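Novice: Structure incoming, see below.
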Amino acid sequence: MSIMCKLLEDMRNEAAREAALDSAKETAIRMIQKGKMPLEEIADYVPALSLDELKQLEAMVMQMA
């Protein structure tokens with residue numbers, strides 16, 4: 001595999017990871033906005049995000065409310 005092909009593949013993989021993380025954040029934000037579940041439980045349903053990341057999202061959601 002050429003260096004250019006490897007770079008393009010790495011870029012695609014990174015874009016896919018970022019898209020998955022964005023989707024996880026959107027899901028977590030919706031769950032936080034509903035307010036029916038503690039962050040520890042949300043972490044079980046959205047394992048791509050750490051509890052610290054969920055706390056940051058919760059703080060952001062509360063500021064926007």
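Novice: How far is helix 3-34 tilted off the main Cα axis of the chain, in degrees rounded to 10, range 0 to 90?
Specialist: Approximately 10 degrees, to the nearest ten.
Novice: Net charge near Met62, counting Lys/Arg +1 and Asp/Glu -1 over other residues with Cβ under 14 Å of its Cβ?
Specialist: Spelling it out: positives minus negatives among the neighbours equals +1.
Novice: Could you tell me which of Gly35, Ala15, Ser2 has its Cα farthest along the dipole of the chain towards the positive end, charges placed at Cβ (Lys, Arg +1; Asp, Glu -1), taken about the Cα centre?
Specialist: Gly35
Novice: Let me ask something additional. So what does the Cα-only Debye profile of the chain read at q = 0.14, 0.29 Å⁻¹, as log10 I(q)/I(0), no solvent term?
Specialist: Once normalised to I(0) and log-transformed, intensities are -0.49, -1.21.
Novice: Where in the chain are there trypsin sites (Lys or Arg not before Pro) that are in a DSSP coil and have at most 15 other Cβ atoms within 10 angstrom of their Cβ?
Specialist: Hits after loop and neighbour filter: Lys36.
Novice: How much length is gained if the chain between Met60 and Glu40 is pulled fully straight, taking 0.36 nm per residue apart and subtracting their Cα-Cα distance, in nm to one decimal?
Specialist: That works out to 5.5 nm of additional length.
Novice: Also, quick follow-up: If you line up the long axis of helix 51-64 against the longest principal axis of the chain, both from Cα atoms, how many degrees apart are they, to the nearest 10?
Specialist: Taking the Cα atoms of the chain, the angle to 51-64 is about 60 degrees.
Quick note: the coordinates plus some simple rules give every number you see, no bench work behind them. From a predicted model like this one, the values you see are computed outputs, not experimental measurements. Counting neighbours? That spans all protein chains shown, and the Cβs are built from the backbone with ideal geometry, glycine included.
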